[in-house]
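A.B. asks: Sharing a structure here in structure tokens format.
Here, each number is a calculation from the coordinates, and none is a lab measurement. These figures come from a predicted structure and were not determined experimentally. Every residue, glycine as well, gets a Cβ built from its backbone with ideal geometry; the counts of neighbours run over all protein chains shown.
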């Protein structure tokens, strides 16, 4: 009997969800111009609207991962997707005044972004749990690579989608946010119809596919409430994974949150510039290839008998080291105002960064086993605290240089708190901050590389339980 292919339908569904997560989160930075025109503010204030997502995303990783392990990914994913889709849609109310009252002002927008982040926090831990239940061990790395490939691909083309919808078709930006929210609702309907928590509960899975999935599988049962928190938080590999993920998130969120600003300020990329939209999405577009390649490499190393230890660590070490080099290389074309060379260097850093994603998430499955969602949630929580710090740091760094320049050049501020820059002044004020940001990102990537040297995915937390620790 030939195995059925329902597991690939599951993989397709979670990849579609992965694309929606990045469509929704990448839309906000690309709407910077429209939202700031509606609300005003400067780059340090904008940083808080961006960082609110990172903070919530980090803080709620473990709770939502726990819910997925206890109640199953099906009901958990449906609830959280509906949640974040609602807050994606109501972003459209930012800056609208009714009867002299602003429906969503600055702090209201920060709150909306925080609540949006709470929802998205549950996506990847519960997707990881679903893949752990549905895929044989030899396919998990490739699946994680494909998952992140689709995410990065969608994030990379979001600037182009935004350009087509807002600048090309003339759709009001507020309507676009509502449309993105409705897309999540549509996904929930299909997912509720076709997905089951375990393959043995799905009516279309035959015995051959079930045997294939369960071959060599350990710990696919529900975790319930008996979570070994102490072992998770004391596990050396878990902590090194967390620190490494925090380091790459610190650096990578520069690409998502600030690259559109860099292209506008330094290289004068206009809203209707197709090539400029591709520049903005470059790190995610090349990152999509890196995600897929990282998954293929880590699974290939496993099949060649290397085991999880170096099959996960080698792509991690190589990827983060090369990403650090690319950050330094990007400083030169930034100084020379060469947009293509800068975009390529930053895109290559995104490619190298994303080689490490599939090994990291596969390592969470190796180490966590039946607690895979909680371990993945822990890694993503600490990782996105790094992203939160990186987002705030970048805003503070650029704002500091802008403030010093504005004070020296006697730049005026309008009633919304925005600087009234003259020709080329915003570029001159921001340039040094962007350069130092890339240098700091380089150093942080090297810290991530050092962590990967010590990560041993062959020591699951369950083995510690069995030994009585």
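A.B. asks: If you count, for each residue, the other Cβ atoms within 10 Å and average over each peptide, how do 98-106, 442-450 line up from highest to lowest? Numbers along the way, then the final one.
C.D. replies: Working: 98-106: 11.8, 442-450: 20.6.
In descending order of packing, they fall as 442-450, 98-106.
A.B. asks: So, one more: Express in % the proportion of alpha carbon pairs of the stretch 22-119 at distances exceeding 20 Å.
C.D. replies: Summing the P(r) tail past 20 Å for the stretch 22-119 gives 40 percent.
A.B. asks: May I ask you to sort 120, 32, 209 by Cβ crowding, counting other Cβ atoms within 10 Å and putting the fewest first? Could the numbers behind the result be given before it?
C.D. replies: Values: 120 26, 32 18, 209 22.
Ranked by crowding around the Cβ, least crowded first: 32, 209, 120.
A.B. asks: Okay, moving on. Taking R0 as 45 Å, what FRET efficiency do you get between residue 303 and residue 189 from their Cβ-Cβ distance, rounded to the nearest 0.05?
C.D. replies: Between residue 303 and residue 189 the formula returns 0.75.
A.B. asks: Please express the shape of the stretch 133-288 as an equivalent ellipsoid: the semi-axes are the square roots of 5 times the eigenvalues of the C-alpha gyration tensor, given largest first in whole angstrom.
C.D. replies: Equivalent-ellipsoid dimensions as semi-axes: 38, 24, 15 Å.
A.B. asks: Ranking 202, 132, 371 by Cβ neighbours within 10 Å, fewest first, what do you get?
C.D. replies: The fewest-first ordering by Cβ neighbours comes to 202, 132, 371.
A.B. asks: Largest first and in whole Å, what are the equivalent-ellipsoid semi-axes of the stretch 296-362 based on the Cα gyration tensor, each being the root of 5 times an eigenvalue?
C.D. replies: Each semi-axis is √(5λ); the values are 31, 9, 7 Å.
A.B. asks: Now for a separate question. According to the square roots a ≥ b ≥ c of the eigenvalues of the Cα gyration tensor, what is the shape class of the stretch 314-422, taking rounded for a/c under 1.5, prolate for a/b larger than b/c otherwise, and oblate for the remainder?
C.D. replies: Values: a/c = 4.10, a/b = 1.77, b/c = 2.31.
Oblate shape, in that a/c is at least 1.5 and b/c is the bigger or equal ratio.
A.B. asks: Here's something else I'd like to know. Ratio to report: Rg/Rh of the chain, with Cα atoms as the point set and Rh obtained by the Kirkwood method; give two decimals. Mind dumping the intermediate values first?
C.D. replies: Values: Rg = 22.1 Å, Rh = 22.5 Å.
Ratio value, two decimals: 0.98.
A.B. asks: Could I ask something else about it? When only C-alpha pairs under 8 Å and at least 6 residues apart count, what is the relative contact order of the stretch 246-397, in percent?
C.D. replies: Across the stretch 246-397, relative contact order equals 39 percent.
A.B. asks: Please compute the length gained on full extension between residue 167 and residue 204, using 0.36 nm multiplied by the number of residues separating them and subtracting their Cα-Cα distance.
C.D. replies: The span from residue 167 to residue 204 would gain 8.8 nm if fully extended.
A.B. asks: Quickly work out the residue 234-to-residue 33 label distance, labels modelled 7 Å from Cα along the C-beta direction, and quote it in nm with one decimal.
C.D. replies: Computed distance between label sites residue 33 and residue 234 equals 5.6 nm.
A.B. asks: Once the Cβ-Cβ distance between residue 403 and residue 79 is put in as r, and R0 is 30 Å, what FRET efficiency do you end up with, to the nearest 0.05?
C.D. replies: Working: r = 43 Å, r/R0 = 1.43.
The formula returns an efficiency of 0.10 here.
A.B. asks: I've got another one for you. If I stretch the segment between residue 439 and residue 336 completely, what's the gain in nm (0.36 nm per residue apart, minus their alpha carbon distance), one decimal?
C.D. replies: 35.4 nm
A.B. asks: Turning to a different aspect of this structure: Rg/Rh for the stretch 94-194: what does it come to with C-alpha atoms and Rh from Kirkwood?
C.D. replies: Ratio of gyration radius to Kirkwood radius: 1.07.
A.B. asks: Between residue 396 and residue 97, with labels modelled 7 Å along Cα→Cβ, what's the label distance in nm to one decimal, could you check?
C.D. replies: Each label point lies 7 Å from its Cα, and together they span 3.3 nm.
A.B. asks: Full extension from residue 325 to residue 70: what is 0.36 nm times the residue separation minus their Cα-Cα distance, to one decimal in nm?
C.D. replies: Difference between extended and current length: 87.6 nm.
A.B. asks: Order of 459, 370, 280 from fewest to most other C-beta atoms within 10 Å?
C.D. replies: Details: 459 17, 370 21, 280 31.
If I rank by nearby Cβ atoms, fewest first, I get 459, 370, 280.
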